[in-house]
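**Student:** Submitted below is the structure of interest, expressed as C-alpha cells.
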Amino acid sequence: MNQILKKFFFDSSCSICKKEVEDDEIYICKKCREKIEKEKSLHVRKNIYYLFEYKNEIRKLIIDYKLNGRKELSCFISKIIEDEIIKIIRENSIDVVIPIPMSEERFLLRGFNQVELILDNIGINYKKAKRKKETIPMHKILEKDVRKINIKSVFQCDFSVNNKNILIVDDIVTTGTTMLEMIKSLEETGKPKNIYIFAISVAPTFYKKFL
C-alpha cells in the first residue's frame, strides 16, 4: 500500500531515462544503473582523480540528486565511488578529507550537503571548511571571470593542515575555480604536504584545458 501511495503522490521515475522504476528501485532503474556502473573508470591527471566526464547519464543523475532533492540517490552514488575513494585515501596516506562546503542558506533550502551525505554513507571522516559568504550557484554562471569574482576568498579552514596530505572532494569540477579557491584557503591556513582532488565527474571544458 505504501508503494502504491508513493507512486500516486510522488514522482518516482528514473532520474535518467524517466521511466517508472520497480518497487524495489529508488529513482534509478536497473538498466540505467548498470550503464553508469559500466561507464565508471578512475582517471588520474596530476593530483586530480575523477570517475566520469560530466555529461549524459551521470550529469542527469547528479542534477536530479542535488537540485531536485532526491537525496536517496546518495546511496547509489556512494556505492559507485566507495572502492575508488577508499583506495585513493590509502594510497596517498590522506590525513584530512575536506568536502567542498555549501552556504548555510543553500543548505537550508536543499536540506543536505550532497558531498557530505555521500561521505557519511561510506563512513569516511572529514573536516568541514566554512563558506564565509553567499555566492551565486556556479552552474548559473557561464563567464569565467565572473565565476572567479563570485567565489573569491569564500572559504575558511579552522583546523590544522600543516604537513598534512589533504583530499578535497566534490561532485563536479567544471572550470576548476572553486577548487583553486579551496586550495588557496588551505595554503593560507598552513603548509599542507600534498593536496589531492577527487571529483565524481569533471566537465570536458576543464580536463581538456587543464589536464
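The values are calculated or read from the model by the stated rules, or taken from the named source; none is laboratory data. Just so we're clear, the structure is a prediction, and the values are computed from it rather than from any experiment. Note that we place each Cβ from the backbone using ideal geometry, even for glycine, and neighbour counts take in every protein chain shown. SASA here: full protein model, heavy atoms, side chains in, ligands and nucleic acids out. Shrake-Rupley method; radii C 1.70, N 1.55, O 1.52, S 1.80 Å.
**Student:** Return the pair list, or none, for Cβ contacts closer than 8 Å from residues in region 89-114 that are hydroxyl-bearing (Ser, Thr, Tyr) to residues that are surrounded by 14 or more Cβ atoms within 10 Å (Cβ to Cβ) and modelled with pLDDT under 85, at least 6 apart or on different chains.
**Tutor:** Sorted first by the residue in region 89-114, then by its partner, the pairs are Ser103/Arg131; Ser103/Thr135.
**Student:** Mind checking whether some residue in region 25-32 is free of Cβ contacts under 8 Å to residues at least 24 places away in the same chain, out of contact with any Ser or Thr (no Cβ under 6 Å at 6 or more places or on another chain), β-branched (Val, Ile, Thr) and open to solvent by 50 Å² or more (accessible area, probe 1.4 Å)?
**Tutor:** No.
**Student:** Does region 90-113 hold any residues that are crowded, with 18+ Cβ neighbours inside 10 Å, of a type outside the set (A, V, I, L, M) and at pLDDT 95 or above, and which are they?
**Tutor:** Pro99
**Student:** Another question, then. Just to be sure I understand, how many residues within region 178-211 are in a loop (DSSP other than H, G, I, E, B) and farther than 27 Å from Ile36 by Cα?
**Tutor:** 4
**Student:** Out of the residues in region 33-45 that are out of contact with any strand residue (DSSP E or B) (no Cβ under 9 Å at 6 or more places or on another chain) and free of Cβ contacts under 8 Å to residues at least 12 places away in the same chain, which is farthest from Asp83 (Cα to Cα)?
**Tutor:** Glu34
**Student:** Can you confirm whether region 184-194 contains a residue that is open to solvent by less than 40 Å² (accessible area, probe 1.4 Å), under 23 Å from Leu73 (Cα atoms) and at pLDDT 95 or above?
**Tutor:** Looking through region 184-194, none of the residues is open to solvent by less than 40 Å² (accessible area, probe 1.4 Å), under 23 Å from Leu73 (Cα atoms) and at pLDDT 95 or above.
**Student:** Quick one: Lys71 ticks every box in (1) charged (D, E, K, R); (2) within 14 Å of the chain's Cα centre (by Cα); (3) under 21 Å from Met179 (Cα atoms) except a single one, so which number is it?
**Tutor:** All conditions are met except number (3).
Matching residues to (1) touching a Pro at 6+ places or on another chain (Cβ under 9 Å); (2) at pLDDT 90 or above; (3) more than 19 Å from Ser74 (Cβ to Cβ):
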{"position": "Ser15", "(1), (2), (3)": "no, yes, no"}
{"position": "Lys18", "(1), (2), (3)": "no, yes, yes"}
{"position": "Asp23", "(1), (2), (3)": "no, no, yes"}
{"position": "Arg45", "(1), (2), (3)": "no, no, yes"}
{"position": "Tyr54", "(1), (2), (3)": "yes, yes, no"}
{"position": "Ile58", "(1), (2), (3)": "no, yes, no"}
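**Student:** Here are the criteria: (1) in a loop (DSSP other than H, G, I, E, B); (2) open to solvent by 40 Å² or more (accessible area, probe 1.4 Å); (3) at negative phi; (4) at pLDDT below 95. Tell me which single one Thr175 does not satisfy.
**Tutor:** Among (1) in a loop (DSSP other than H, G, I, E, B); (2) open to solvent by 40 Å² or more (accessible area, probe 1.4 Å); (3) at negative phi; (4) at pLDDT below 95, Thr175 violates only (2).
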